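Following: one structure in structure tokens, then a few remarks.
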């Protein structure tokens, strides 16, 4: 891959300081091109959850930065991430968002590829005698590794293993998956929308506890008192954000739900779930009912994984940069694979209430992000402030920089990683 | 995803039949159907006017208002939808849209919508089910937005009273990106 050329590139990293970044980071197309190269094409990017491709031959379309890829599971059970581009004249070989296949055939001249990406067939091959060998023309395969069901890929063969890149975030991934309450976590469906703003505006938002009671006031007003109380973290001293390294961070909004296996029995189950509690209690022991119902709202935090995935309470948030001023977001609703139908339905209803283009939360978030992009063109050199809580930031026992969940510790962690990567300083 | 082989000589006979046939035309002239269409157009005007409190009185107490994600499913209960509202959710949604705390509702696009291409899907003594096409044009901050949808309305009649007991909105882009809007379909 050839890096975009810019005589200004060496200056980009200097636009981010510890406590502020130039608004030009949202608006400059050259910076965007450089980010694709230095960040999205240079590190581990999340492409799928294993429940989306459950069987041999299951595939889905995904993206790494601007580049379309196919993620599939082959007959050996391995995950493959292939560039969705025929080696002949460049046509996409798959335009079905997800499904099952034995392989992929280009619609233009019927070059056909296996799930592993190997070129299996070329029609009328005599024209290629002495010119091309099939073994030299597979679909481009990316390096793939997964952790606890999360599948990542990278163009780089020489960067650290995924587990090292995730580092301390692994603990929080493991805790997040406990919301399966004994069942594997599965993707139940997804909302998708775009907003007219830079991808980093969404990246920041995931650990922005500060906006919650303001932007989401109308959602708070619509939920039951127990749910509203659960998310009243503004003055809760145990609600903190940790910077986890490598751009990752976790914003804890419901401290009592950090580890869903950790239950002292004092928390009362929410009355809104009474019909489900009654139904499950007919066939399950009380501890299991309690475990499932306490997990209904998901884990008590948003885990931001740099650069494109967040594990947000009970769903995955995936961001896909489209251009410097447009970003696509997926909100994937999670459920219990093989779990009680009534629980999965209730989780869908909770997701619909907040998320998606008509959700009570997403539509207001989206409006706020649009407004950031519109405002940021006014003096793009004027800084965006990410300094909230800097004066009260401490190091947790684990060494993580820690401050209140309404502070901007997570954003500072993201921009520190952004700066390192834009500087080739990993 | 495998290549289809087109065998030569296996021609498909798709010439239209020449025998007389009956499409069952004339249903739109039925007085109940005419009232149903009038109600749907009335609803469209209330929505364009953002007269949400008046709008929700058009619905029966047990009505469902659905914007599915999956274009093929009818099992909305077990699927993720964009909207799956019963009376309780509809009421909360209206409160949110009118109370002034929601910044997207406050800044919502101005809309104008056209509904046409009506066909009668089912008719009983008390109900009429109509399918139609809706084209909505929204405008907000220098940008136009177009949303196309296939609508299904089931209207229940009780004497002079006519109310919607199902509205199903299948957006043409339901399973792709649908942008957050701040208004209702």
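The values are calculated or read from the model by the stated rules, or taken from the named source; none is laboratory data. Because the structure is predicted, anything quoted here is derived from the model rather than measured. No Cβ is skipped: glycine too gets one built from the backbone with ideal geometry, and neighbour counts run over all protein chains shown.
Is it true that residue A:116 is farther than 30 Å from residue A:310 by Cβ and either touching a strand residue (DSSP E or B) at 6+ places or on another chain (Cβ under 9 Å) or in a helix (DSSP H, G or I) (or both)? So residue A:116 fits the description; yes. Scanning the stretch A:132-150 for residues that are more than 24 Å from residue A:68 (Cα to Cα) and surrounded by 19 or more Cβ atoms within 10 Å (Cβ to Cβ) yields nothing.
Does residue A:366 meet the test of being closer than 24 Å to residue A:152 by Cα, under 17 Å from the mean Cα position of the chain (by Cα) and in contact (Cβ under 8 Å) with a residue 40 or more places away in the chain? Give the steps one after another, and end with the answer.
Values: closer than 24 Å to residue A:152 by Cα: no; under 17 Å from the mean Cα position of the chain (by Cα): yes; in contact (Cβ under 8 Å) with a residue 40 or more places away in the chain: yes.
For residue A:366, the condition - closer than 24 Å to residue A:152 by Cα, under 17 Å from the mean Cα position of the chain (by Cα) and in contact (Cβ under 8 Å) with a residue 40 or more places away in the chain - is not met.
The criterion of being more than 14 Å from every other protein chain (Cβ to nearest Cβ), free of Cβ contacts under 8 Å to residues at least 12 places away in the same chain and either within 28 Å of residue A:400 (Cβ to Cβ) or in a loop (DSSP other than H, G, I, E, B) (or both) does not hold for residue A:126.
Of the residues making up the stretch A:291-315, those that are farther than 25 Å from residue A:62 by Cα and either outside the structural domain of residue A:240 (by TED's automatic domain parsing) or outside any loop (DSSP other than H, G, I, E, B) (or both) number 5. The residues of the stretch B:52-87 that are assigned to a loop (DSSP other than H, G, I, E, B), surrounded by 13 or more Cβ atoms within 10 Å (Cβ to Cβ) and away from chain A (no Cβ under 14 Å) amount to a single one, B:58.
Please verify whether the stretch A:151-168 includes one or more residues that are within 14 Å of chain B (Cβ to nearest Cβ) and surrounded by 14 or more Cβ atoms within 10 Å (Cβ to Cβ). No, every residue in the stretch A:151-168 fails to be within 14 Å of chain B (Cβ to nearest Cβ) and surrounded by 14 or more Cβ atoms within 10 Å (Cβ to Cβ).
Answer yes or no as to whether residue A:82 is within 14 Å of chain B (Cβ to nearest Cβ), surrounded by 15 or more Cβ atoms within 10 Å (Cβ to Cβ) and assigned to a loop (DSSP other than H, G, I, E, B). Give the steps one after another, and end with the answer.
On the way: within 14 Å of chain B (Cβ to nearest Cβ): yes; surrounded by 15 or more Cβ atoms within 10 Å (Cβ to Cβ): yes; assigned to a loop (DSSP other than H, G, I, E, B): no.
Answer is no for this residue.
Each residue in the stretch A:54-69 was checked for being crowded, with 23+ Cβ neighbours inside 10 Å and in contact (Cβ under 8 Å) with a residue 60 or more places away in the chain, and 2 of them qualify.
So which residues in the stretch A:16-30 are buried (at least 22 other Cβ atoms within 10 Å of the Cβ) and assigned to a helix (DSSP H, G or I), if there are any at all? Scanning the stretch A:16-30 gives A:25, A:26. Helices (runs of 4 or more DSSP H) fully within the stretch A:177-243 that include at least 3 residues being touching a residue at least 24 places away in the same chain (Cβ under 8 Å): A:199-205, A:217-222, A:225-230. When we screen A:110, A:58, A:92, A:114 for residues that are more than 22 Å from the chain's Cα centre (by Cα), within 14 Å of chain B (Cβ to nearest Cβ) and closer than 22 Å to residue A:145 by Cα, the only hit is A:114. Is at least one residue of the stretch A:203-224 within 14 Å of another protein chain (Cβ to nearest Cβ) and under 19 Å from the mean Cα position of the chain (by Cα)? For the stretch A:203-224, residues within 14 Å of another protein chain (Cβ to nearest Cβ) and under 19 Å from the mean Cα position of the chain (by Cα): present. Scanning for something at pLDDT below 95 and surrounded by fewer than 16 Cβ atoms within 10 Å (Cβ to Cβ), does the stretch B:102-115 turn up at least one residue? Checked the stretch B:102-115: at least one residue is at pLDDT below 95 and surrounded by fewer than 16 Cβ atoms within 10 Å (Cβ to Cβ).
Can you work out which of the residues in the stretch B:106-122 that are within 25 Å of residue B:152 (Cα to Cα) and either in contact with a helix residue (DSSP H, G or I) (Cβ under 7 Å, 6 or more places away or on another chain) or not in a strand (DSSP E or B) (or both) is farthest from the other protein chains (Cβ to nearest Cβ)? It comes out as B:120.
Scanning the stretch B:136-178 for residues that are under 26 Å from residue A:95 (Cβ atoms) and more than 17 Å from the chain's Cα centre (by Cα), we see that the one that is nearest to the other protein chains (Cβ to nearest Cβ) is B:177.
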